[in-house]
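Every number here is computed from the coordinates shown, using simple stated rules; none is lab data. Because the structure is a prediction, the values reported are computed rather than measured. Here Cβ is always computed from backbone atoms with ideal geometry, including for glycine, and neighbour counts include all displayed protein chains.
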Amino acid sequence: MNLKLIRTLSVFMLTISVLHGQESLHQISFMDRTEFKVGYDGNLIWNNGISVGGEYLWKEKFNVKERRKGTKTITKQVLFNVNGVLSTNFSSQTDTGFSGWFGLIWRRTNPKGRQFSLGINPLGFYRSYLPETYEVKGDKVRKVFLAGRTFYSPSITIGFGKDRPGKKLSGRYINFNFAIKTPNNAGLTPYLSFSYGYRFKL
Amino acid sequence: MTCRYSYSKRTVVFLFTLILCLTACSDSENLGNLDDTFFLRRANADMPVYVHGNGSEKVFLLLLHGGPGGAGLNYRAGTIKNEIEKKYAVVYYDQRGSGMSQGSYNKNGISVDIMVDDVLALVKVIKHKYGDDSRFFLMGHSWGGTLGTATLLKDQHLFKGWIEVDGAHNPSGLYYEYINLLTKTAHEQIAEGHHIEFWEKVLKDVQNVDQHKINLDDFYILNSTAHQGEVRLANDHVIYQANFDDGNAFLFKYNLITYFSNRFQTGDILSNKGMWKTLDFTSRLHEITIPSLLLWGKHDLVVPLKFGQEAFQKLGSTSKRLVVFENSAHSPMAMEGDDFAREVLQFMDAYK
C-alpha cells in the first residue's frame, strides 16, 4: 500500500518538475540547474552513514535592494530534492538500512552566500537490511535471504550552508533531519540525524 | 572518460560489498567463543538475537529482559558477561516491540501469548543454528519473569531449568504491595533519618492513590516511586550501588530514540490490555515442575521479595531454591554480581 503510494507520488512529482522546469528556467540546461551532493549522515553515536543526492533548481527569485554601500541581492530558490542515505550502527549490526527521500527545498541565500533552507520530503522510504535472519513458521525454520523491511519514511529538514560560486565544490551544508518510519512495530518510530556535506556540479 | 566511469563503478561495487561484509560476515564458527548477532523473524516481527560466551557444551542461558520494552544487551555487563559467559553461552534478545526489533503489525500483534511463542521460536532457531543437542535454561528479570513464567506454562520441557530474578509472575499483585511496602519503607527510612523529605513525600503520594481498585495512572506513580526509592536506598548505603561494567556499551548498540519509542509503545499496549490489572500466574505456578532458582533482592521495591517467597512456596518443582541478596534491590546482578553469578553457575552446573 505504502510502496504503491510512494511510486505514484514519485511519478507525479517528477512530472511536475519536468513541466515546470521547461516553463520557467528553460534557457538553462538541466545540468546547470542541477547540483549533486555528497556527505555524512547520522548522529555520530548510533547511526553513521553516507548521503548522496541531487538538487534541481525549479524556481528562482532575486530580491535586489539598493543600499548606500551598493546593491544587495537576496536569492530565494525552490529546488527539487533527491537524497539517498546508507547508514549503519557499526557496533551492533542491527540498524543498517537505506533511506530515500524526495521532496522540495526552499532556500534563501544572502549577499555573503550564507544559506538557510527548509526542506520537506513527503516521499520517503527506509529499507532495513538485516544481517542474518531465521524465519519460524510452525516447526519450520528457514534462513531468509537478504532480509529486511520497507517503511514509509517522510522527513523534514532545516539546514544552513554556504554558497561557493565558481568553485569546484559549489556549496557546503549542514542539515538537521527529522523523519519517521511507519508502520514500525505497532506504531511509528522517529528518526533524528544531521548531515554535513558538499554540493558540486558535473 | 569511459575508463574513469568504469573505475568509479568498480569502486562503488567494492565499497558496497565491503559494507555488506562488515555488517553481515561476523558470525563466529567457534562455539567456545560465540559472538553472533542474527534476527528471529516471526509473526511480522524481526527481533535481534545476540549470542555471546562459551557454547562448547551447547548449554544456552536464554535471558528475557525486563520492561516491557527493555533491551537484551542491557544485561550484557558485570558478572553475566565476565563470569557466566566464560562457562556458558548467553542468549540476549530484544523482544517484540523492544530494543532494536522491527516489524509491521497492529496492537493485536503484541500480547503475552504472542511473545511466548516468540521465545519458543527462538529455541527452535538456536537448535537449528547450533544443533539439536542444544540445552536451555530460561532466565527472566522483572517483566521477563512474567514472560518466562508464561513460557514455561506453555512448554517447560524445552528447558533444563528456570531462573527468576526479581520477576513479576503476578503483575496485578504489584499495586497493593507497592502501597504496603512503600509505606513501611518510608516509615523505616524516616526513623533512620534518611532522605526524610523524599520519604515524607512518598507517604503523601501513597495516601493519595486509589486504595480500593487498581488505577493505571496511580500504578505508574507507585512504580516510579519504587524506582526512585531504590536510588535513595543506595545513596544511604542501605543497599549496594549498582555496578554494571560495560554499561556504556548500551549507548552505542541501541538507537536510544528507537529504544524509548518502542518502550513507550509496547508498555502502553500491554498496560491497556490489562497487564497490571488482571494478569496473575500465581495460581498456576504449581504446574511448573522443572528445577527452579529464585534470585531476589531483599530491598526490592519494584517487584517486592514477597513475590519471590510466594513463588518459592507455590512452584511445583521438587528442586527449587530461593536466594535472597541482603544488600540488593531490584537488580541483584548489578549490586551483588559475584554472588549472583556463583548461584547461576552452580544451578546450571547441577541441572545441565
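Can you give the average number of partner chain beta-carbon atoms within 10 Å of each beta-carbon in peptide B:35-42, as a whole number?
Working: counts 0, 2, 6, 9, 12, 5, 11, 5.
Whole-number average of other-chain Cβ neighbours for B:35-42 is 6.
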**Message:** Let me check against my output: what whole-number percent is the relative contact order of chain B, with C-alpha pairs under 8 Å and at least 6 apart?
**Reply:** 19 percent
**Asked** Over all pairs of distinct alpha carbons, what does the Kirkwood formula give as the hydrodynamic radius of the range B:82-132, in Å?
**Response** 12.9 Å
**Prompt:** Tell me which lysines have Cα within less than 25 Å of A:K37's Cα, excluding those fewer than 8 residues away on the same chain?
**Reply:** A:K59, A:K61, A:K76, A:K112, A:K162, A:K167, A:K168, A:K181, A:K201, B:K9
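For the range A:94-148, report the convex hull volume of the alpha-carbon atoms normalised per residue, in Å³, without decimals.
Details: hull volume 6.0 nm³, N = 55.
Enclosed volume per residue, from the Cα hull, is 110 Å³.
Nearest-5 percent of antiparallel DSSP beta bridges in the range B:18-154? It would help to have the intermediate numbers written out before the result.
On the way: 16 of 26 bridges.
Approximately 60 percent, going by the DSSP bridge assignments.
Using 0.36 nm per residue of separation minus the Cα-Cα distance, give me the extension gain between B:D113 and B:Q241 in nm, one decimal. Don't skip to the end; give the middle numbers.
Working: separation 128, 0.36 × 128 = 46.08 nm, distance 3.55 nm.
Contour length minus Cα-Cα distance gives 42.5 nm.
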**Cα-Cα P(r), the protein assembly as shown, percent of pairs per 10 Å interval** = 3, 16, 23, 21, 15, 11, 7, 3, 0, 0
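Using only helices, what value at 222 nm comes out for chain B when you add -39,500 (n - 2.57) per DSSP H run of length 4 or more and divide by the total residues, to the nearest 500 deg cm²/dmol?
Working: 12 runs with 162 residues, N = 352.
My calculation for chain B gives -14500 deg cm²/dmol from helical runs alone.
Could you work out the helix-only [θ] at 222 nm for chain A, with each DSSP H run of four or more residues adding -39,500 (n - 2.57) and the total divided by the number of residues, to the nearest 500 deg cm²/dmol?
Details: 1 runs with 22 residues, N = 202.
Using -39500 (n - 2.57) per qualifying helix, the result is -4000 deg cm²/dmol.
Within chain A, which is the longest segment that contains none of the trypsin sites (Lys or Arg not before Pro) sitting in a DSSP loop with at most 12 other Cβ atoms within 10 Å?
Values: sites that count: A:R68, A:K69, A:K112, A:K167, A:K168.
Answer - A:1-67.
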**Item:** For chain B, built as a Gaussian network whose Cα springs stay under 10 Å, the top-fluctuating residue of B:L285, B:L301, B:L31
**Value:** B:L31
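Rounded to a whole number of µm²/s, how large is the Stokes-Einstein D of the range A:64-134 at 10 °C and 1.306 mPa s, given Rh as the Kirkwood radius over C-alpha pairs?
On the way: Rh = 15.4 Å.
After rounding, the answer is 103 µm²/s.
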**Prompt:** Under a no-solvent Debye model with one identical scatterer per Cα of the range B:216-265, what's log10 I(q)/I(0) at q = 0.15, 0.21, 0.26, 0.27 Å⁻¹?
**Reply:** -0.67, -0.97, -0.94, -0.93
**Message:** What is the sum of charges, Lys and Arg at +1 and Asp and Glu at -1, for the other residues whose Cβ falls under 9 Å from the Cβ of B:A329?
**Reply:** -2
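Could you work out how much longer the chain between B:L256 and B:L120 gets when fully extended? Use 0.36 nm per residue separation minus the Cα distance between them, nm to one decimal.
On the way: separation 136, 0.36 × 136 = 48.96 nm, distance 2.76 nm.
Value of the extension gain: 46.2 nm.
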**Cut-off 19 Å (backbone N to label point 7 Å along Cα→Cβ of A:L146), residues of the range A:80-98** = A:84-88, A:95-98
**Request:** Could you tell me the largest-minus-smallest coordinate of the C-alpha atoms of the range B:253-328 on each of the three principal axes, in descending order and whole angstroms?
**Result:** 44, 31, 23
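Counting only Cα atoms, I'd like the Rg/Rh figure for the range B:40-89, Kirkwood definition for Rh. Mind showing how you got there, number by number?
Values: Rg = 12.3 Å, Rh = 12.0 Å.
So for the range B:40-89, dividing Rg by the Kirkwood Rh gives 1.02.
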**Asked** Of B:G53, B:G274, B:G66, which is the most mobile in a GNM of chain B whose springs link Cα atoms less than 10 angstrom apart?
**Response** B:G274
**Asked** Where does helix A:2-23 land angle-wise versus the long Cα axis of chain A, in degrees 0 to 90, nearest 10?
**Response** 20 degrees
**Item:** Radius of gyration, Dmax [chain B; alpha carbons; angstrom]
**Value:** 21.8, 85
**Complete:** The value for chain A (convex hull of the alpha-carbon atoms, volume per residue, Å³) is 144 Å³
**Prompt:** What do you get for Rg/Rh of the range B:108-213 when both radii come from the Cα atoms and Rh is the Kirkwood radius?
**Reply:** 1.19
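Kindly flag which residue pairs out of B:K81/B:K129; B:K81/B:K314; B:K81/B:K184 have an alpha-carbon separation exceeding 26 Å in this structure. Write out the running numbers ahead of the final one.
Values: B:K81/B:K129 22 Å; B:K81/B:K314 31 Å; B:K81/B:K184 36 Å.
Exceeds cut-off: B:K81/B:K314; B:K81/B:K184.
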**Request:** Starting from the Cα of B:K124, draw a straight line to each of the lysines and keep only those under 21 Å, dropping any in the same chain fewer than 8 residues away.
**Result:** A:K137, A:K140, A:K143, B:K58, B:K154, B:K160, B:K352
**Message:** What does the charge count around B:G229 come to, taking other residues whose C-beta lies under 12 Å from its C-beta (Lys +1, Arg +1, Asp -1, Glu -1)?
**Reply:** -2
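For a quick check of your reading of the filter: which GluC sites (Glu not before Pro) in the range B:311-352 sit in a DSSP loop and have no more than 13 other Cβ atoms within 10 Å? Could the numbers behind the result be given before it?
Details: sites: B:E326, B:E336, B:E343; in loops: B:E326, B:E336.
Passing both the DSSP loop test and the Cβ count: B:E326.
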**Item:** Isotropically averaged projected area of the range B:218-352, using the convex hull of Cα atoms (one quarter of hull area), nm²
**Value:** 10.1 nm²
**Request:** For chain B, set up a Gaussian network in which alpha carbons nearer than 10 Å are linked by springs, and say which option among B:A191, B:A168, B:A43 fluctuates the most.
**Result:** B:A191
